[in-house]
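Working notes for the structure below.
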Amino acid sequence: MLTCKEFLQELTDYLDENVDAEIRSKLEQHITECPNCWVVCDTTKKTIRIYKGMEPYPIPSDVEARLMAALEKKMALK
Amino acid sequence: MLASTQIPDEASVLVQAREGDVKAFSELVRRYEGKIFRLAMHITQNREDAEDVLQETFLKAYEHLDQFQGNSKFYTWIVRIAVNQALMKLRKRKTDKTVSMDETIDTGEDTMAREIAAWDENPEQRYSREEMNQILSSAVESLAPPYRSVFVLRDIDDLSTEETAEALNLSVPAVKSRLLRARLQLRDKLTRFFKRKGEDAFAYM
């Protein structure tokens, strides 16, 4: 049986599906027996999902215009 | 998320840009300016600094394009430039040491969750898009810079662990341990907004 601390140490690799079968089954065993770790695992998974779905905000047009102007100036020098 | 599957493909645009084709380089800029600006905003938390970082990144990339080896993705290469520029900005602004990417990370108690409460299945539906952006951005901003950069690259920009390590000049284990900390801290911060209401909060028990 894993401790909660050991579970947490493997959590990132587990959520990224980057653990071998043996560790995976130990981790999955742990969350069936430990409600706290189940919640931490589930809510961390949701955290990642929510951030991945975050809308990319468009670059402000004035910022882009100044970037392009700076580049044009640089390119003209080369 | 990378635009490499779009037409024209990135490899040929890069070849043209390296041969001095100004239009090809501008095409690369348009592809990545949004992501670089967002990354710079996340690290510097200041629009003026982020704009400087954005300009310096692409000016440097243009200047040193012949040094781009092509054995990593172009985006990973410019991210590395952008992160360095952004950290220099932070160092100029603050004199404390908290902005060092080499800061030693102890995996101590604050990795442990402060609040254990189940969330709704789709907690984001409780908030408008604007509210969600505000909640998510301020949670990321509250992370210390070494965690923030790793989280933004790995989980928002969708770089692999190896690419993130390369972009930030960190080892793979360092990326993993920072990512774990960042994810758990964000989970903790978001619990306040997303936990189930009332009696349902402990429905998993």
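Filter the range A:4-43 for residues that are more than 12 Å from chain B (Cβ to nearest Cβ) and among the basic types (K, R); which is nearest to B:E162 (Cα to Cα)?
Selected residue: A:R24.
Tally the residues that are part of a loop (DSSP other than H, G, I, E, B) and surrounded by 15 or more Cβ atoms within 10 Å (Cβ to Cβ), restricting the search to the range A:1-55.
Narrowing the range A:1-55 to residues part of a loop (DSSP other than H, G, I, E, B): A:1-3, A:16-20, A:34, A:53-55.
Filter once more, keeping what is surrounded by 15 or more Cβ atoms within 10 Å (Cβ to Cβ): A:2, A:16, A:19, A:34, A:54.
Number satisfying all stated conditions: 5.
Where residues in the range B:57-72 are of a type in the set (D, E, K, R) and more than 9 Å from every other protein chain (Cβ to nearest Cβ), which of them is farthest from B:L143 (Cα to Cα)?
The extreme case among them is B:D66.
Considering each residue of the range B:93-129, count those that are more than 10 Å from every other protein chain (Cβ to nearest Cβ), at pLDDT 85 or above and assigned to a helix (DSSP H, G or I), and give that number.
Residues meeting the conditions: 2.
Can you tell me which residues in the range A:58-78 are modelled with pLDDT under 90 and either over 23 Å from the mean Cα position of the chain (by Cα) or more than 7 Å from chain B (Cβ to nearest Cβ) (or both)?
Passing the criteria: A:K74, A:M75, A:A76, A:L77, A:K78.
Among the candidates A:E17, A:E6, A:E64, A:E72, which residue alone is at positive phi and not polar (S, T, N, Q)? So that I can check it myself, show each step before the final result.
Values: A:E6 fails: at positive phi; A:E64 fails: at positive phi; A:E72 fails: at positive phi.
Criteria check complete, one pass: A:E17.
For the range B:33-47, name all the residues that are out of contact with any helix residue (DSSP H, G or I) (no Cβ under 6 Å at 6 or more places or on another chain) and at the interface with another protein chain (Cβ under 10 Å from one of its Cβ atoms).
Across the range B:33-47, the qualifying residues are B:E33, B:G34, B:K35, B:R38, B:R47.
Out of all the residues in the range B:22-34, which are modelled with pLDDT of 90 or more and of a type outside the set (G, A, S)?
B:K23, B:F25, B:E27, B:L28, B:V29, B:R30, B:R31, B:Y32, B:E33
The values are calculated or read from the model by the stated rules, or taken from the named source; none is laboratory data. All of these numbers come straight from a predicted model, not from anything done at the bench. Cβ atoms come from the backbone with ideal geometry, glycine included; neighbour counts cover every protein chain shown.
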